[in-house]
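K.L.:
Below is one structure. I have some questions about it.
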Amino acid sequence: MTIPSYMLGLVIALLIGSLFHLWLDGGVGRLLFFLVLSVAGAAVGQWFGFWRNWMVFPVGTLNMGLVILGSLLFLGVGYWLSLVEIHGTRSKRDRV
């Protein structure tokens, strides 16, 4: 891949992460979380397409279809996992 392809993939991933954050209306921590997830998903999507030799909507050397799909998949799963609330169990001594 070329430097412009990396930059385009990064811009697309950051745009998707920002739009996802705008849609869900979160704070600054959530914005950073979504941006990291989006970039990681885009990188995994590009790698997966290269590994399987699949090209979905190629833009130069960038596999735009799998970049977008990977980004959205990571954002969806990451958001779903972030909704989990951990409740501590109380000991027997606290219940009495």
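K.L.:
Run the simple label-point estimate for residue 80 and residue 1 please: 7 Å along Cα→C-beta, distance reported in nm.
P.N.:
Going from the residue 80 label point to the residue 1 one covers 2.5 nm.
K.L.:
DSSP loop (so not H, G, I, E, B), at most 10 other Cβ within 10 Å: list which trypsin sites (Lys or Arg not before Pro) in the chain pass both filters.
P.N.:
In loop regions of the chain (DSSP not H, G, I, E or B), the sparsely surrounded trypsin sites (Lys or Arg not before Pro) are 90.
K.L.:
Sticking with the crude label model, points 7 Å out along Cα→Cβ, report the distance from residue 24 to residue 56 in nm, one decimal please.
P.N.:
Placing both labels 7 Å along Cα→Cβ, they lie 2.1 nm apart.
K.L.:
Using DSSP to call loops (not H, G, I, E or B), can you name the chymotrypsin sites (Phe, Trp or Tyr not before Pro) in the range 41-72 whose Cβ has at most 15 other Cβ atoms within 10 angstrom?
P.N.:
Passing both the DSSP loop test and the Cβ count: 54.
K.L.:
Determine, for each peptide in 1-10, 14-23, 69-78, the mean count of other beta carbons within 10 angstrom over its residues, then list the peptides with the highest first.
P.N.:
So the order, starting with the most tightly packed, is 69-78, 14-23, 1-10.
K.L.:
Placing +1 on the Cβ of each Lys and Arg and -1 on the Cβ of each Asp and Glu in the range 16-96, which of 77, 20, 58 has its Cα farthest towards the positive end of the resulting dipole?
P.N.:
The one lying farthest along the dipole's positive direction is 77.
K.L.:
I would also like to ask the following. Rounded to the nearest 500, what is the chain's calculated 222 nm mean residue ellipticity when only DSSP H runs of at least 4 contribute -39500 (n - 2.57) each, over all residues?
P.N.:
Dividing the helical sum by the residues of the chain leaves -24500 deg cm²/dmol.
No value in this document is a laboratory result; all are computed from the given coordinates. The structure presented is a predicted model; accordingly, all values stated were derived computationally and were not measured. Quick reminder, even Gly has a Cβ in these numbers, built from the backbone with ideal geometry, and neighbours come from all protein chains shown.
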